[in-house]
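As C-alpha cells, the structure follows; a few thoughts come after it.
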Amino acid sequence: QVQLVESGGGLVQPGGSLRLSCAASGTIFSIPVMGWYRQVPGKQRELVASIVRVGSTNYADSVKGRFTIFRDNAKNTVYLQMNSLKPEDTAVYYCNAVPGLSGYWGQGTQVTVSS
C-alpha cells in the first residue's frame, strides 16, 4: 500500500506562491490519476487538480490559470504549484488518487493566505 506525505504549506500573503509536494512511499506509476484536494472546516473535501499518468491535467474552475499540477513518476512525487493565491485558497491540502482511496489519505498540509 502506498503512503502519501504532503508538505510545502505555510502562511503566504495574497498574490503569493507556494509549491506543495506529495511524496509517495511506493510507486505511484500504477495509480492512473493523482489529484490534489483541499478542505476547509465545515465543508466537504474538494478536488482542485488532477493529472493522468501520461500527463493530461484538469482543474477546478476556482484555480484554473493559477494552479499547476505535475508529477515525477521517477521520484514518486506529485506537485502543486500555486500562484496568485487568494484568501479563499486557505485550506488543508491533500493528495490522493482520483477518486480518493480511503486508506491513502495523509495528514495534509495547511495553506493559509492572509495579509
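The values are calculated or read from the model by the stated rules, or taken from the named source; none is laboratory data. Keep in mind that this is a model prediction, so the values were computed, not measured. Here the Cβ is made from the backbone with ideal geometry for all residues, glycine too, and neighbour counts use every protein chain on show. The area values use the complete protein model at the heavy-atom level, side chains included, leaving out ligands, DNA and RNA. Shrake-Rupley method; radii C 1.70, N 1.55, O 1.52, S 1.80 Å.
The table below gives the values:
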quantity: Percent of Cα-Cα distances greater than 16 Å, calculated over segment 1-64; calculated: 60
quantity: Carbon plus sulfur fraction of accessible area for segment 20-90, probe 1.4 Å, in percent; calculated: 52
quantity: Which of VAL111, GLY65, VAL40, positive extreme of dipole for the chain (C-beta unit charges); calculated: GLY65
quantity: Cβ-placed point charges (K, R +1; D, E -1), dipole of the chain about Cα centre in debye, nearest 20; calculated: 100
quantity: Per residue, in Å², the accessible surface of the chain once ligands and nucleic acids are set aside, probe 1.4 Å; calculated: 52
quantity: Full-stretch length increase - GLN1, GLN13 - with 0.36 nm per residue and alpha-carbon distance subtracted; calculated: 0.6 nm
quantity: Shape box of the chain [Cα atoms, principal axes, largest first, Å]; calculated: 40, 26, 22
quantity: Relative contact order (percent, whole number), the chain, Cα cutoff 8 Å, 6+ residue spacing; calculated: 37
quantity: Distance in nm between pseudo-label sites at VAL54 and VAL33 (7 Å out along the Cβ direction from Cα); calculated: 1.5
